[in-house]
1. Among the residues of segment 60-74 satisfying the criterion of being assigned to a helix (DSSP H, G or I) and either without any contact (Cβ under 8 Å) to a residue 24 or more places away in the chain or in contact with a Gly (Cβ under 8 Å, 6 or more places away or on another chain) (or both), which is farthest from R15 (Cα to Cα)?
2. Regarding R88, is this residue modelled with pLDDT of 90 or more, farther than 19 Å from G23 by Cβ and either outside any helix (DSSP H, G or I) or among the hydroxyl-bearing types (S, T, Y) (or both)?
3. Does segment 75-84 contain at least one residue that is outside any loop (DSSP other than H, G, I, E, B), aliphatic (A, V, I, L, M) and out of contact with any helix residue (DSSP H, G or I) (no Cβ under 9 Å at 6 or more places or on another chain)?
4. Between R114, R101, R63, which is among the basic types (K, R) and surrounded by 16 or more Cβ atoms within 10 Å (Cβ to Cβ)?
5. If I go through segment 69-83 residue by residue, how many of them are crowded, with 16+ Cβ neighbours inside 10 Å, of a type outside the set (A, V, I, L, M) and on the phi < 0 side of the Ramachandran plot?
6. Can you name every residue in segment 13-57 that is touching a residue at least 60 places away in the same chain (Cβ under 8 Å) and outside any loop (DSSP other than H, G, I, E, B)?
7. Here is a check on your reading of the model: is A105 assigned to a helix (DSSP H, G or I) and among the small types (G, A, S)?
Amino acid sequence: MTDQWPRALLRAALREGGYDAVGTRALAGAARLTADAPDRGPVGLVILAQEALAGADRSDLDRLRETGAPIVLLAPAGGGDSAGPWVRVVHRPVSIGELVRVVEALVPLSADDRRPLD
């Protein structure tokens, strides 16, 4: 399975639950997505796979931090950079359902907002 499928499944699961979720493959893309967009609210949470940090420009991570949105680090099994600006570190293997529960715990929606967006 290519790395895009888990991201697509997570995005779909979050949108089904009422979250306006978007995704990107690279840290630079995430930094661009967090910019204020007229048709979206502020970024409420960032899930960052640790492998996106490898070879990335750290200024992109700084731009993510400047949004004020909590960052969850998705780390490899048995390791990961627990020191960082993360509000939580989630270790693989992890299911899509478990990641959805992490998002729900950190960015709860009202009962009225828990409805599919698509």
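The values are calculated or read from the model by the stated rules, or taken from the named source; none is laboratory data. Remember, predicted model here, so these are calculated numbers, not experimental data. All Cβ positions, even for glycine, are placed from backbone atoms using ideal geometry, and neighbour counts span all protein chains on display.
1. Just the residues of segment 60-74 that are assigned to a helix (DSSP H, G or I), to begin with: 60-66.
Adding the requirement that they be either without any contact (Cβ under 8 Å) to a residue 24 or more places away in the chain or in contact with a Gly (Cβ under 8 Å, 6 or more places away or on another chain) (or both) leaves 62, 65-66.
Values: D62: 27, R65: 24, E66: 25 Å.
Ranking the candidates gives D62 first.
2. Here the answer is no, as R88 does not meet what is asked.
3. Taking segment 75-84 and keeping what is outside any loop (DSSP other than H, G, I, E, B), we get 75.
Narrowing the set further to residues that are aliphatic (A, V, I, L, M) leaves 75.
Filter once more, so that each one left must be out of contact with any helix residue (DSSP H, G or I) (no Cβ under 9 Å at 6 or more places or on another chain): none.
No; the residues of segment 75-84 include none that is outside any loop (DSSP other than H, G, I, E, B), aliphatic (A, V, I, L, M) and out of contact with any helix residue (DSSP H, G or I) (no Cβ under 9 Å at 6 or more places or on another chain).
4. Numbers: R114 fails: surrounded by 16 or more Cβ atoms within 10 Å (Cβ to Cβ); R101 fails: surrounded by 16 or more Cβ atoms within 10 Å (Cβ to Cβ).
After ruling out the rest, the residue left standing is R63.
5. Restricting attention to segment 69-83, the residues satisfying the condition of being crowded, with 16+ Cβ neighbours inside 10 Å are 69-75, 80.
Subsequent filtering for residues that are of a type outside the set (A, V, I, L, M) retains 70, 80.
Remaining after also requiring on the phi < 0 side of the Ramachandran plot: 70.
Residues in segment 69-83 being crowded, with 16+ Cβ neighbours inside 10 Å, of a type outside the set (A, V, I, L, M) and on the phi < 0 side of the Ramachandran plot: 1 in total.
6. A13, L14, R15, E16
7. Details: assigned to a helix (DSSP H, G or I): yes; among the small types (G, A, S): yes.
The answer is yes for A105.
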